[in-house]
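Since the structure comes first, as structure tokens, the remarks are kept for the end.
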Amino acid sequence: MTYKRIAAYAVHCLTVSGIVPAALAVMEIASPTCDPRTVFLWLLLATVIDAVDGPLARRFHVKHFAPNIDGRTIDDLLDYLTFAFIPLLLIWRMEWLPSGFGWTVMFAMGASLFGFSHKEAKDEANGFFRGFPSYWNAFALYAGVFTAMASPWLTAIAMWGLTVLTVAPVWMIYPNLAPRKWKPSIMIGAILWAVTMLAILWDYPHPLVWLLAMSLAYPLFYAILSWQLRLRIAGKRST
């Protein structure tokens, strides 16, 4: 029993450790010579921690053996910091939006607050997030590329559209709780996507066009699959 309690609290400590890469990312943003690639690497580390702590929490029955700490609250706070606030702050800091429109990242920040606090933010029974799940850390990486290779207006329009989708009643797959049939494809695809994102950082913000196109394939697959699976669930409920 003691071992199980120690393991459960260790999982909580792992979740809390996400504050370290978050703080280091903010320090880099505050630097006069901010390198966005460094920020993205710290945010990647935070994402890895977030990806493994959930399965570990279920594996070690954290809710039962460490009930005094609400891991979900810690997770939501850190997710907001590392998936929304910090990457959106980076977009503003790097001036990747049209001149005079940097402040509009606050709309996305606010939308994500509503998204995280919504009572139906997660449909864990079916494995979905409600709304665009605030993957602003990934969007921020693309924002620097869009601005450098196309136009800051492309970044702005994409950001504003995703801001609306964050509070819209659309549903996106929750990777860790995806249907068993699709989970391997989703998780393997996510790993390959992360590899392409790291490759993009090598020549950031001017990656090879084919590499950029390849990296966009997974988000497209993820969005289409989310839409199709949610339609199937809606169809089953209506019959």
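The values are calculated or read from the model by the stated rules, or taken from the named source; none is laboratory data. Small disclaimer: the values here were computed from a predicted structure and weren't measured. FYI the Cβ positions are ideal-geometry reconstructions off the backbone, even for glycines, and counts take in every protein chain you see. The accessibility values were calculated without ligands, DNA or RNA, using every heavy atom of the protein model including side chains. Shrake-Rupley method; radii C 1.70, N 1.55, O 1.52, S 1.80 Å.
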Based on DSSP H runs of at least 4 residues, each adding -39500 (n - 2.57), what is the mean residue ellipticity at 222 nm of the chain after dividing by all its residues, to the nearest 500 deg cm²/dmol? -22500 deg cm²/dmol
How big is Rg to Rh over the chain, alpha-carbon atoms, Rh as the Kirkwood inverse-mean-distance radius? 0.97
For the chain, accessible area per residue (1.4 Å probe, heavy atoms of protein chains only), Å²: 55
Take the chain, connect every pair of alpha-carbon atoms lying under 10 Å apart with a spring to form a Gaussian network, then pick out the residue of Val48, Val167, Val16 with the largest mean-square fluctuation. Val48
Semi-axes a, b, c in Å (a largest) for the range 117-214, each sqrt of 5 times a Cα gyration tensor eigenvalue, come to 27, 19, 8
Helix 183-202 versus the longest principal axis of the chain: what angle, 0 to 90°, nearest 10, using Cα atoms? 30
Give the lysines whose C-alpha is closer than 27 Å to that of Lys181, dropping any in the same chain fewer than 8 places away, or say none. Lys122, Lys236
When Lys and Arg each count +1 and Asp and Glu each count -1, what net charge do the other residues less than 11 Å away from Gly18, Cβ to Cβ, add up to? -4
Can you list residues whose amide H is under 5 Å from Trp171's amide H, if they're 5+ apart or on another chain and H is modeled 1.01 Å from N? Gly131
At a 1.4 Å probe, what is the % contribution of carbon and sulfur to the accessible area of the chain? 72
Provide the convex hull volume over Cα atoms per residue for the range 55-105, in Å³. 78
Cα-based helix-to-principal-axis angle, 136-149 vs the chain, degrees rounded to 10: 20
